[in-house]
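In what follows, a structure is listed as structure tokens, so that the remarks can point back to it.
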Amino acid sequence: MGSPVHGLSLPRTWFLTVRAVEAAVLVLLASVVQEMWLTWRASVEYSSADGTPVADPSFMTRVTGMALYGGYRGPIGLVVGALLLAVCIAVLHRAAPVAHARIVRWEWLVLFGLLALVALAVVLVGVVALFGDDPFASDDPSVVSGYRGPGLVAQVLGNIAWPLASLALLAPSGLWWLRLPAEPEEAEEDSAEQAAERTARTAAAGVDEDAILLDGVEHIPAVERLEPRSFGRGDGSSPSGYEEYLRRS
């Protein structure tokens, strides 16, 4: 009994590969969404410049907290997901045929839309936070331990660089998706047993697989006569009954 791994055809192997990459992108998306939710919940403990916890932070304060403390795994996961989607679209273009390519094509589009929406949400949070107040700025001379590092704008722009990079990677992938055929050709998937049976049947019938066949009939190329026939006219033609009848009449 043959191994099922060796029995997989090339289209089926590419299909399973693309499905595995799509699953990885889905896991990364779930991780990004979870991190955004945890950051939103943690923004309740957002502190002011003097370190005093804000009991009931406003919506703008929470958005600013998300922009500043949005984490790093999520934004990097967006870039990695965009790269994995680019690998999938390259497989659909260059490693054809892929089994069930029509289904994979639409699955890819769904993941592309979800990843783009999450990246846009992260960028939007950063843009809105730019219009908020810097929580570390303080004009109180009694505050001697205030933060003196990069301001709100510098930090937010640095944090949204990763989601912007993922959007830049998704843009050409979407253009290449548009170049995919609406009805991709899919090769017939014959198992090893079917291929061996077909070869044995052909050998038993004595048919050459390399021969040119037209509608099941072997095609024999025409042969050009190099010399005229030794009888009849010099051009190789023979007289017909009509010519003899016309001469007699």
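The values are calculated or read from the model by the stated rules, or taken from the named source; none is laboratory data. All values derive from a computational prediction rather than experimental measurement. Reconstructed Cβ throughout: ideal geometry from the backbone, glycine too, with neighbour counts over all protein chains shown. Note: accessible area is taken over every heavy atom of the protein model, side chains too, but ligands, DNA and RNA are not part of it. Shrake-Rupley method; radii C 1.70, N 1.55, O 1.52, S 1.80 Å.
Overview of results
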item	result
Every pair of residues 6+ apart whose Cβ atoms lie under 8 Å, when the first sits in the stretch 33-45 and is within 14 Å of PRO75 (Cα to Cα) while the second is open to solvent by 50 Å² or more (accessible area, probe 1.4 Å) and in a helix (DSSP H, G or I)	GLU35/ARG73
Those residues of the stretch 17-52 which are among the aliphatic types (A, V, I, L, M), at pLDDT 90 or above and open to solvent by 80 Å² or more (accessible area, probe 1.4 Å), in sequence order	LEU26, VAL27
Search result, residues across the stretch 66-119 that are over 27 Å from PHE15 (Cα atoms) and either surrounded by fewer than 22 Cβ atoms within 10 Å (Cβ to Cβ) or touching a residue at least 60 places away in the same chain (Cβ under 8 Å) (or both)	MET66, ALA67, LEU68, TYR69, GLY70, GLY71, TYR72, ARG73, PRO75
